[in-house]
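Everything on this sheet refers to the single structure shown next.
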Amino acid sequence: MYNAVEIITAKRNAVALSAGQITWMVDAYTSGEVSDEQFSALAMAIYFRGLNDDELLALTTAMLNSGTRLNFSDLGKPTADKHSTGGVGDKITLPLTPLVASYGVAVPQLSGRGLGHTGGTLDKLEAIKGFEVDLTEAHIRSQLTEIGGVICAPTGELAPADKKIYALRDVTATVDSLPLIASSIMSKKLAEGTDTLVLDVKTGSGAFMQNEDDARQLAATMVWLGKEFGVNTTAVLTRMDSPLGYTVGNGIEVQETLEVLAGGGPNDVVELTLTLARHMLQGAGIDADPAEHLANGKAMDTWRAMVSAQHGDPDAPLPTTTHEHTVLAPTSGVLSKLDARAVGEAAWHLGAGRQYQGQAVQATAGIRLHAKPGDTVTAGEPLFSLFTETPERFAAAEQILQHATDTADVFNPPQLIADVIR
Ligand code: URA
């Protein structure tokens with residue numbers, strides 16, 4: 001009935017595709033009937049011609065329907081989920097999940113591992129002794145009922161069409177297309193089946209969408225898509241020019257999470273955790289100030305219950321390494337640049353991230369920042385502490401960090417939260 005060449009030709013010539021054509025193309029590509037060559041031609045045509053709203057909806061629906069769709073409507077609790085487009089030092093899922101869960105919301109955070117300069121939530125959690133990320137659906141449900149929060153790997157196959165299409169886009173220069181990104185992210189998040197979704201869309205040097213207008217447009221498109229599927233969706237546009245918090249790595253980011261859950265922690269991590277928590281609670285119909293449960297220990301109690309339920313030991317010390325190297329500030333002044341991408345890449349070189357899928361990461365590798373943009377630094381004083389099990393990697397990491405910073409006479413860092421899109 002449908003023909004791949006006709007569909008590619010239509011999109012190439014800027015003719016809108018029907019929902020039937022898009023659904024067929026996605027299904028036929030997922031099953032292997034349409035070839036990589038044909039789907040990559042379509043992806044390139046979409047890259048240049050874009051998609052109208054109906055086409056975008058049809059593409060997202062087809063990708064969503066390609067796999068399992070979870071349904072938590074029988075839990076008897078409101079459900080909320082957060083997605084970040086990825087950043088350096090972005091450990092927010094860790095304090096946010098138990099915080100929101102401590103208010104009686106079910107928060108199923110199906111998370112990923114790191115690849116490239118941004119870290120993976122699961123890699124961070126695995127720094128905790130015994131912590132398990134591969135759970136059965138029955139375990140997830142019972143943990144959501146008993147405790148409210150769970151952070152684990154996806155069960156089953158959520159949006160397998162996206163997995164195949166994303167891998168193809170990666171090698172055909174078609175990743176940075178707004179409709180392809182929006183449908184890719186939303187097909188996976190909608191498959192998780194929550195009532196409320198809060199998107200943290202990053203912009204800046206460490207973000208995937210570096211330009212703020214592009215990030216805003218992506219956020220608005222994903223909010224529109226979420227609402228079309230009946231999910232209460234909000235996007236928070238946040239700056240990712242410098243890393244979040246003072247730590248980048250795995251175990252070291254869990255340590256900082258514990259500081260936040262104990263009522264302290266870096267201002268930016270606390271601000272973003274509370275902002276996202278407020279939107280999740282609002283979406284779940286709960287009128288509360290989440291700062292209360294950071295201050296009174298209830299979020300920490302939920303964290304400890306969550307870690308124990310996933311077979312982790314909340315009292316075990318986090319792993320550390322004896323290999324430490326200090327990088328000193330080259331100049332004095334006010335820190336005006338602390339490039340997130342460079343810090344992420346340096347942490348990756350130290351062993352906090354992986355070069356290929358399946359590679360083991362070092363729980364102890366990472367970077368501690370001694371200053372943040374707007375702080376005064378003095379030449380010769382420590383700027384970064386580097387940690388790794390493989391000290392021969394210090395030189396490469398230090399080299400990357402040489403271009404990561406700048407100083408000025410005066411510098412006022414921009415607001416972390418650039419906008420909220422509903
Ligand atoms: N993340 C995704 O999941 N998909 C994209 O297309 C880009 C980023």
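Taking region 74-102, which residues are of a type in the set (Gly, Ala, Ser) and modelled with pLDDT of 95 or more? If the condition is that a residue be of a type in the set (Gly, Ala, Ser) and modelled with pLDDT of 95 or more, then GLY76, ALA80, SER84, GLY89, ALA101, SER102 are the ones that fit. Just one of the numbered conditions (1) more than 23 Å from LYS227 (Cβ to Cβ); (2) touching a Ser or Thr at 6+ places or on another chain (Cβ under 9 Å) is not true of GLY32: (2). So for region 312-325 (the condition being in a helix (DSSP H, G or I), farther than 28 Å from GLY193 by Cβ and outside the structural domain of THR93 (by TED's automatic domain parsing)), does at least one residue qualify? No, because not a single residue in region 312-325 is in a helix (DSSP H, G or I), farther than 28 Å from GLY193 by Cβ and outside the structural domain of THR93 (by TED's automatic domain parsing).
A count restricted to region 141-158 and to residues that are within 16 Å of the ligand (Cβ to nearest atom) and either assigned to a helix (DSSP H, G or I) or aliphatic (A, V, I, L, M) (or both) stands at 2. In summary, LEU17 fulfils each of the numbered conditions (1) assigned by TED's automatic domain parsing to the domain that holds ALA291; (2) in contact with a Lys or Arg (Cβ under 7 Å, 6 or more places away or on another chain); (3) within 22 Å of ILE181 (Cα to Cα); (4) away from the ligand (no atom under 15 Å from the Cβ) with the single exception of condition (1). If you go through region 238-294 and keep only what is of a type in the set (Ser, Thr, Tyr) and touching a helix residue (DSSP H, G or I) at 6+ places or on another chain (Cβ under 9 Å), you end up with THR238, SER242, TYR246, THR247, THR257, THR273.
Has region 366-384 got any residue that is outside the structural domain of GLY86 (by TED's automatic domain parsing), of a type outside the set (A, V, I, L, M, F, W, C) and at pLDDT below 95? Looking for residues that are outside the structural domain of GLY86 (by TED's automatic domain parsing), of a type outside the set (A, V, I, L, M, F, W, C) and at pLDDT below 95, one finds none in region 366-384, hence no.
Restricting the first member to region 247-264 and to residues that are on the phi > 0 side of the Ramachandran plot, and the second to residues that are part of a strand (DSSP E or B), the beta-carbon pairs closer than 6 Å and six or more apart or on different chains are GLY249/GLY366.
Take ALA277 and tell me if it is buried (at least 24 other Cβ atoms within 10 Å of the Cβ), closer than 30 Å to LEU56 by Cβ and out of contact with any strand residue (DSSP E or B) (no Cβ under 8 Å at 6 or more places or on another chain).
Answer is yes for this residue.
The values are calculated or read from the model by the stated rules, or taken from the named source; none is laboratory data. Worth saying up front: this structure is predicted, and the values here are computed from it rather than measured. Reconstructed Cβ throughout: ideal geometry from the backbone, glycine too, with neighbour counts over all protein chains shown.
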